[in-house]
Amino acid sequence: IGTSNVGKTSILYRINNQGFQDNLAVTTNTSVMTRDCVLDEYNFTINYWDTAGQEKFKALAEHYYQGAKYAIAVFKINDKASFNEMLDYIITFRQKCDLISGPGESPRPNVIVAANMTDLVQDSAELIAEYQNKLFLNRDDENYVDYGVSCMLPTSAKENIGINDLHSEIQHLIIHDYLIPTDTTNNQNEDSGPGIVISEPIQPEESRS
């Protein structure tokens, strides 16, 4: 998720091992890429949904937030306006998705932020620190907003930097949240599966598509 022209589709191409393509057309619809994963002793499938970032397609994209478990929120590292717009996308996503929580728990973070296009700046560390400060370091401030972000990763789809880290982070979150057996496994609701293996991609309901 994120505003237009921040590299969402390019990141997805990299995750899907399709390389980098210049001058990709602006996404005007929503597409899905399925990735089978084998990590440690776990086998599971991830559906990555690529949403349109243009304002006129915002309402359409929001239909795909329903039932989603995680989001990669993307902004352009040298464009602070795209960062602020991304925060609005995160708020909407968190309102409409299924927040992850166990019995008696508060909803846990389910958003990973990609500070994309690091190839456009010589030293990204200072910019990253500034963005991280807004997301994580002011939690004692009475005006602090918890966006439910688990981490921020610098990425470059063009140079293939940080893309594997994004995919790896999603995989580890899935294993932690859904696949490791817990004492509450037998109490999970029906649509959450057995809590051990996810092997079939979850398709959206007809009314959502």
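Structure data summary
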| read-out | value |
| --- | --- |
| Highest-first arrangement of 140-148, 152-160, 6-14, 169-177, where packing means the average Cβ count within 10 Å | 6-14, 152-160, 169-177, 140-148 |
| Label-point gap, in nm, between SER4 and MET33 - each point 7 angstrom along Cα→Cβ | 2.1 |
| Positive-end residue of TYR147, SER124, PHE136, charge dipole of segment 116-156 with Cβ unit charges | TYR147 |
| Estimated inter-spin distance, TYR144 and LYS96, nm [label 7 Å along Cα→Cβ] | 2.9 |
| Per-selection Rg to Rh, segment 112-151 - Cα, Kirkwood hydrodynamic radius | 1.03 |
| Computed label-point distance, nm, for sites GLU62 and ASP119 using a 7 Å Cα→Cβ extension | 3.5 |
| Mean accessible surface per residue for segment 60-104, computed with a 1.4 Å probe while every protein chain stays in place, in Å² | 43 |
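The values are calculated or read from the model by the stated rules, or taken from the named source; none is laboratory data. Owing to the predicted nature of the structure, the values given are computational and were not obtained by experimental measurement. Because the Cβ atoms are built from the backbone with ideal geometry, glycine has one as well, and the counts that use them run over all protein chains shown. In case anyone asks, the SASA skips ligands and DNA or RNA and just uses the protein heavy atoms, side chains included. Shrake-Rupley method; radii C 1.70, N 1.55, O 1.52, S 1.80 Å.
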